[in-house]
Amino acid sequence: MSPDKSPRHLPEQHPGQKINLPLPPLESFNEFNSYIGQMGPDLNLRTANESFIRELSQIPPLNPEQPLHLSNFIPQENLDKFRQVLNTLTPQKSETSFDMQLGDTFLGWRVNAIFDPDNKINHYTFIGREITEKIREQQKLEQNALIDPLTGLYNRRYLYEQLDNFGNSGEIKGVTIVMFDADNFKNINDSLGHDKGDEILCQVANILKKNTHSTDIIGRWGGDEFLGIFPNLTDPDDVQKLLFHLNNSLLENNLHVSFGFSIANRNGSINPLDLKLNVALADKSLYEIKPNKNLLK
């Protein structure tokens, strides 16, 4: 429906006075597209359009003796964020915009601080809009940009981001990098067709994902290569156990994959250059092993 943007004047609230109204069901947010209003430095509403009052509070007509505070509409954790943002406003930077999530709903806010001649805040003006669909589309695009469309695993871009993240993390004592490569993949594509090759890549991806922990990161590096990032896996014996387990799981499905790995900085701090270097070392290890069609077998 089209929101009513006519202002509704609310009486000033006495210091400390506040009424407690039940937070409305979030479904009501979908019935409007904007809130417009004005509030004092204490976040008491002075004016608001009908959509703000009706859709957010769903209360009977206002009682003049009971003015409204912003906390009547916004849960405490969101109100704290609202306050933090407002505290950043100055006469030199008096406008800001930010997004806020309420349950499954997203609201976009634009707030202006109006200062008096003594540079004290007289009041705030605000516009809030329901932007859930826009945020969901952005999240979808961002997610798709990090996912390999064929296998559903993370793509190379995401893997590089995680190498940097782990490299900058002081909580990670070490990382094992594993490079996986499907054996005879070119022959499979040439003899059985690319559809069969795609099917095999998806099978390999599913088995690698199923047989690793949620804290491990498995992605498609490119072509018939996959990369595994295993944080805090630094013992060579544990690495061998993991690779034997993965190899056996693949062989049970008649999938032949070669492995190469490198353990990064077991006893020192990690930085992005170290981890990217270890990717190259894992790749080198893979191609030293590959002529023997995986020495783990």
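Residue-by-condition table, conditions (1) in the same structural domain as GLY197 (by TED's automatic domain parsing); (2) more than 19 Å from the chain's Cα centre (by Cα); (3) within 30 Å of GLY260 (Cβ to Cβ):
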site: THR96; (1), (2), (3): no, yes, no
site: VAL111; (1), (2), (3): no, yes, no
site: GLY128; (1), (2), (3): no, yes, no
site: PRO149; (1), (2), (3): yes, no, yes
site: GLY167; (1), (2), (3): yes, yes, yes
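Checked against (1) at pLDDT below 90; (2) closer than 24 Å to LYS284 by Cβ; (3) acidic (Asp, Glu), GLU171 passes all but condition (2).
For the condition free of Cβ contacts under 8 Å to residues at least 12 places away in the same chain and of a type outside the set (Lys, Arg), what is the one hit in HIS245, HIS194, HIS256?
Details: HIS245 fails: free of Cβ contacts under 8 Å to residues at least 12 places away in the same chain; HIS256 fails: free of Cβ contacts under 8 Å to residues at least 12 places away in the same chain.
Checking each option against the conditions leaves just HIS194.
Can you name the residue in segment 164-198 that is of a type in the set (Lys, Arg) and in a helix (DSSP H, G or I) and, of all such residues, is farthest from GLU225 (Cα to Cα)?
Looking at residues that are of a type in the set (Lys, Arg) and in a helix (DSSP H, G or I), I get LYS196.
For segment 122-132, indicate whether the set of residues that are of a type outside the set (Phe, Trp, Tyr), exposed (fewer than 12 other Cβ atoms within 10 Å of the Cβ) and either in contact with a Leu (Cβ under 8 Å, 6 or more places away or on another chain) or closer than 26 Å to GLU95 by Cβ (or both) is non-empty. Checked against the condition, which is being of a type outside the set (Phe, Trp, Tyr), exposed (fewer than 12 other Cβ atoms within 10 Å of the Cβ) and either in contact with a Leu (Cβ under 8 Å, 6 or more places away or on another chain) or closer than 26 Å to GLU95 by Cβ (or both), segment 122-132 yields no hits at all. Restricting segment 133-156 to residues that are surrounded by 14 or more Cβ atoms within 10 Å (Cβ to Cβ) and free of Cβ contacts under 8 Å to residues at least 40 places away in the same chain, the residue that is farthest from ILE217 (Cα to Cα) is ILE135.
Identification of strands (runs of 3 or more DSSP E) wholly contained in segment 206-297 with 3 or more residues that are at pLDDT below 95 and in contact with a strand residue (DSSP E or B) (Cβ under 9 Å, 6 or more places away or on another chain) yields 257-264.
Only a single item in (1) surrounded by 12 or more Cβ atoms within 10 Å (Cβ to Cβ); (2) more than 15 Å from ILE229 (Cα to Cα); (3) acidic (Asp, Glu); (4) without any contact (Cβ under 8 Å) to a residue 24 or more places away in the chain is not met by GLU161, and it is number (2).
Name the one entry in PHE115, PHE180 that is surrounded by fewer than 17 Cβ atoms within 10 Å (Cβ to Cβ), modelled with pLDDT of 90 or more and among the aromatic types (Phe, Trp, Tyr). It would help to see each step written out before you state the result.
Numbers: PHE180 fails: surrounded by fewer than 17 Cβ atoms within 10 Å (Cβ to Cβ).
Unique residue meeting the criteria: PHE115.
Across segment 87-119, what is the number of residues that are touching a residue at least 40 places away in the same chain (Cβ under 8 Å) and under 17 Å from MET39 (Cβ atoms)? So that I can check it myself, show each step before the final result.
So the first thing to find is which residues in segment 87-119 are touching a residue at least 40 places away in the same chain (Cβ under 8 Å), and the list is 102-105, 107.
Add one more test, that the residue is under 17 Å from MET39 (Cβ atoms), and what stays is 107.
Residues in segment 87-119 being touching a residue at least 40 places away in the same chain (Cβ under 8 Å) and under 17 Å from MET39 (Cβ atoms): 1 in total.
The values are calculated or read from the model by the stated rules, or taken from the named source; none is laboratory data. This structure is a prediction, so every number in the text was calculated from the model and none was measured. In this analysis, Cβ positions are derived from the backbone assuming ideal geometry, glycine residues included, and neighbour counts consider all displayed protein chains.
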